[in-house]
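Only one structure is covered here, and it is reproduced in the block below.
Bear in mind that the values in this text are calculations on the coordinates, not laboratory data. Owing to the predicted nature of the structure, the values given are computational and were not obtained by experimental measurement. Don't worry about glycine lacking a Cβ; one is built from the backbone with ideal geometry, like all the others, and counts go over all protein chains shown.
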Amino acid sequence: MLFNSFEFIFLFLPIAFLLYFLLNKFGQTNLAKAWLVAASLFFYSYWNIKYLPLMLVSLIVNYFIGMRLVKHKSKFLLTVGLIFNIGMLSYFKYYDFFLQNVNSLFGTHFTLLSLTLPLAISFYTFQKIAFLVDTYRGETEACHFLDYALFVTFFPQLIAGPIVHHAQIMPQFADRSKKRWQSNYIVLGIFVFAIGIFKKVGIADVLSPVVREGFDVQQSLTFVEAWLSSLAFTFQLYFDFSGYSDMAIGIALMFNIKLPQNFNSPYKAVSIQDFWHRWHMTLSQFLTKYVYISLGGNRKGITRTYVNIMIVFLISGLWHGAGWTFIFWGFLHGLASVVHRLWNKAGGRMPAWAGWLVTFFFINITWVFFRATSMHDAVKVLKGMFGFNGFELANSVFPVFIIEKLQFLKEYGVSFTEAYHVSLLNTEIVAYIFGALCISFFLKNSIQLKDSFRPTVWTALFTAILLVYSVLHLTSISEFLYFNF
C-alpha cells in the first residue's frame, strides 16, 4: 500500500488511527499494540502477501535469538543471528547477481531463480541486526514479543525507513502519555505529511517521465538533453525519498511517535562528508556504528581508516542494489571521502561556494550510475553531459529571445535545432528543475519547518493547499524509488 493512494489516505490511516487510540482510551493497551502490529502487517502484505510468512519467520527467529542473548552473551548466537539475517537478504537480493557474474566469468550456465525482492527487506534487516548487536553488547533488556514486533513493523517506517533504532522508538510506545491522542501532534503530523506528499506528487512524479525518457528510451543524448535528464533525476530522487520520509515522520507524529530525521538539505552540502551527514542520515548512522566502528574506525592508523571508509561505501552501494552500477557508485563516494580527508590533512581549503559547487557537481555525476540500469546506459548519459554528442540548443527548452542572443555560439560549434530527441524536454520542465533547485538550495527544509511550526490560519491554508493539490493529482499512482532497494 502506498502513502500516496486514496485507499491509504481515506481508509487505512483513519481506521488504524481511530482504533488504536480508542483501544488505548478503554485501557486495552496490549490490544492496541496488537492492533497496530496487525494493521502494519496488513499494510505490508497489501503489496504482496507472498512475503508475509517470510516477515513473520524473521520476526520470530530474531526475537528468539535476541531474548537468548539477553540471558547469555554468546558470540555464537550473535553469529547465527547475523548469518540468518544477512543470508536471507543475500539470497533474495544477490543470488541471481552472483550467478550472472559466475556465468559470465566462467562460461557456466547456472539457472537464475529470478527472485522477486521482498518489500522492505533491506530496511528491516538492518533494524534487526542493530537490535541483536546491541543486545549482545548489553545495551538492551528483555521485552515482550508484541513490543519487539511493533518496533520492527510500525507501518510508517516499515517499507523505506527511516531506519529506526530500537532505543529511539520502543521507549516511546511504552510511554503512557503517548497512549491518548494529542491534537498538537496530529496537526503537526498532518502538516509534515502534506509537505511530503507534495514533494512526491508535485515535484518528483512530474520529473519522472523526463528521467525515464533520458535514461531508458533514447539511444544518445546531446549536451543539454543529458544535463537536464541527470538534473531531473537528481531532484526526482531527493524529493521522492525525502517526501516518503516526511510522510512517514508525519504519520508517526499522528500516533505521538517521533521518528528520526533522515534528510537535512543534502544539496546544500559543501563537501562529500557534509553530504553524508545530510543524506539518508539513518543509513549513515547505522553504517558508522555497526560497520565502520566495528572495523576499527580511525583507531588503527591512516591506511586502515581509508580502507574502512572504502568498505563502508562499497557496502552502501551493494545495499542499494545488486548491480555493478551501484557498486561503482559506492566506490566513487568512498574514493571522494578518502580524497576529502587527504585534502583536509594537507591543509587544503576552498571557499564555501566552491566547495558546494564541486560537491553538487560530483553528486549529480555519480547519481547517473545510481539511476542507470547498466554501465552502458550510464556512459551514454555521461557522454552527452561532457559534450561527446554535440552541443545543441532548441526553442523547445529556451525561449526564442534567448536563442537569438546566443547565436554567437555557432562560432564555437554550438548548433541550434527546432526540437530535441527527448520530446519531454521543454520550457515547462526547465522551470520545474529550476524550481526544484531553488527549493533545495534556498528554502527551509521540512524538518526546519516542522521545528518552527505554529498552528495559524496561514499554516492551515498552506497545508490545505498542498493536500488538495496532491490528492487531486493522485489519478496516476506511482511507487517510491526506494521501494526497489
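Students often forget the sequence filter, so: which lysines lie under 23 Å Cα-Cα from K71 once same-chain residues fewer than 8 apart are removed?
Here the lysines satisfying the reach criterion relative to K71 are K128.
Just need the Rg to Rh number for the range 298-360, please, alpha carbons only, Kirkwood Rh.
On the way: Rg = 13.4 Å, Rh = 12.8 Å.
When Rh is taken as the Kirkwood radius, the ratio is 1.05.
Eight or more residues apart or on different chains, and alpha-carbon atoms under 21 Å: count the Lys pairs in the range 186-484 matching that.
14
Multiplying the sequence separation of K383 and S177 by 0.36 nm and subtracting their Cα-Cα distance, what value in nm do you get? Display every interim value, and only then the final one.
Details: separation 206, 0.36 × 206 = 74.16 nm, distance 5.79 nm.
My answer for the length gained is 68.4 nm.
For a quick protection proxy, order the peptides 253-259, 433-439 by their average other-Cβ count within 10 Å, most packed first. Each step should come with its number before you reach the end.
Values: 253-259: 20.7, 433-439: 16.3.
So the peptides 253-259, 433-439, ranked by packing, come out 253-259, 433-439.
Starting from the Cα coordinates of the range 77-136, work out the convex hull volume and express it per residue in Å³. All intermediate terms of the calculation are to be shown ahead of the outcome.
Working: hull volume 5.1 nm³, N = 60.
Hull volume normalised by residue count: 85 Å³.
With angles folded into 0 to 90 degrees, how steeply does helix 457-472 sit against the dominant principal axis of the chain? Use alpha carbons for both and round to 10.
80
Angle check, please: helix 352-371 long axis (alpha carbons) against the longest principal axis of the chain (alpha carbons), in degrees 0 to 90, nearest 10.
The helix 352-371 is inclined about 80 degrees to the chain.
Between Q448 and H109, how high is the FRET efficiency from 1/(1 + (r/R0)^6) when r is the Cβ-Cβ distance and R₀ = 56 Å? Nearest 0.05. Provide the component values of the computation, followed by the final result.
On the way: r = 55 Å, r/R0 = 0.99.
My answer for the efficiency is 0.50.
Tell me, what is the Rg over Rh of the chain, with Rh the Kirkwood radius over Cα pairs? Write out the running numbers ahead of the final one.
Values: Rg = 24.0 Å, Rh = 24.4 Å.
My calculation of the ratio gives 0.98.
When you count, for each residue, the other Cβ atoms within 10 Å and take the mean per peptide, how do 229-241, 145-157, 294-306 rank with the highest first?
On the way: 229-241: 24.5, 145-157: 22.1, 294-306: 13.1.
Per-residue Cβ counts within 10 Å, averaged per peptide and sorted highest first, yield 229-241, 145-157, 294-306.
Going highest first, how would you order 199-211, 346-358, 267-279 by mean Cβ packing within 10 Å? Walk me through the numbers before you get to the answer.
Details: 199-211: 22.0, 346-358: 11.4, 267-279: 19.2.
The densest-packed peptide leads the list: 199-211, 267-279, 346-358.
With unit charges on the beta carbon (Lys/Arg positive, Asp/Glu negative), name the residue among Y44, M55, A142 whose Cα is farthest towards the positive pole of the charge dipole of the range 1-153.
A142
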